[in-house]
Amino acid sequence: MVSIGKPEVGKDLVAHLELQGGDQFMFVDPDNSLYDQLDLNRGVVETFFSPSTPLAFLDRMTRKDGMKDLMEVLSKWNKAVYLPPKQEQAFNQGGTFIFNGPKTVFAHYDESTGAHPKLAEVVDLAIKTAAGKNVAVA
């Protein structure tokens, strides 16, 4: 996992979220280098006013167990306030990527807040990729 922020804040976040061994797979990007190279979406409109935000939440709310992952994450965010190193980073949208060496196996650019890929499908694809299985992404 790559996140904006400083190394010491990343360690605090891993501890706060109780991610066992999380420090083994979290990398921080305080200068926004990777975000910039991947050309991830950003901006106030994308963060707060994009039509895809309510549509993403509607999809979650109408899908079986669609809110389960979100509620689990949000339940751990009590008393957690983490500010990005640069003010403009607060409006960065994320993405989900799976790489196999130099090859991009999966790329999802979050269109807006809440517009994420389905976690179970991403994990399944990552496991298959790590096992060396040929995977086809639709």
- Task: Determine the shape class of segment 57-101: with a ≥ b ≥ c the square roots of the Cα gyration tensor eigenvalues, call it rounded for a/c under 1.5, and otherwise prolate if a/b is greater than b/c, oblate otherwise.
- Result: oblate
- Amide H contacts under 5 Å for PHE106, placed H, 5+ residues apart: ILE98
- Query: From the Cα gyration tensor of segment 1-73, with a ≥ b ≥ c the square roots of its eigenvalues, which class applies: rounded if a/c is under 1.5, or else prolate if a/b is larger than b/c, or else oblate?
  - Reply: oblate
- Message: Amide H of ARG42 versus every other amide H placed in the peptide plane: which residues, excluding those fewer than 5 positions away on the same chain, fall under 5 Å?
- Response: GLN93
- Item | Cβ-placed point charges (K, R +1; D, E -1), dipole of the chain about Cα centre in debye, nearest 20 | 360 debye
- So, with points 7 Å from each Cα along the Cβ direction, the VAL105-VAL45 label distance in nm works out to 3.5 nm
- Any idea how far the Cα center of segment 1-50 sits from the one of segment 61-94, in Å? 11 Å
- Task: Would you kindly derive the ³J(HN,Hα) couplings of segment 77-92 from the backbone phi angles with the Karplus curve 6.51 cos²θ - 1.76 cosθ + 1.60 (θ = phi - 60°), listing them in order in whole Hz, with x for Gly and Pro?
- Result: 8, 5, 6, 10, 10, 10, 9, x, x, 10, 4, 5, 5, 5, 9, 6
- Item | Surface per residue (accessible, 1.4 Å probe) for segment 47-127, Å² | 70 Å²
- Express in nm, to one decimal, how much length is gained between VAL81 and ALA131 on full extension, taking 0.36 nm for each residue of separation and deducting their alpha carbon distance. 14.3 nm
- Could you please state how large a percent of the accessible area of segment 9-138 is carbon and sulfur, counting protein chains only and using a 1.4 Å probe? 58 percent
- Query: With every protein chain kept in the model, how would you rank MET67, MET1 by accessible area, 1.4 Å probe, largest at the top?
  - Reply: MET1, MET67
- Which of these values of Cα extents along the principal axes in Å was calculated from the structure shown: [x] 48, 33, 26; [y] 41, 34, 30; [z] 57, 39, 30? [y]
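The values are calculated or read from the model by the stated rules, or taken from the named source; none is laboratory data. The structure presented is a predicted model; accordingly, all values stated were derived computationally and were not measured. Neighbour counts run over all protein chains shown; Cβ positions are idealised from the backbone, glycine included. Accessible surface is based on the protein model in full, side chains and every heavy atom, while ligands, DNA and RNA are left aside. Shrake-Rupley method; radii C 1.70, N 1.55, O 1.52, S 1.80 Å.
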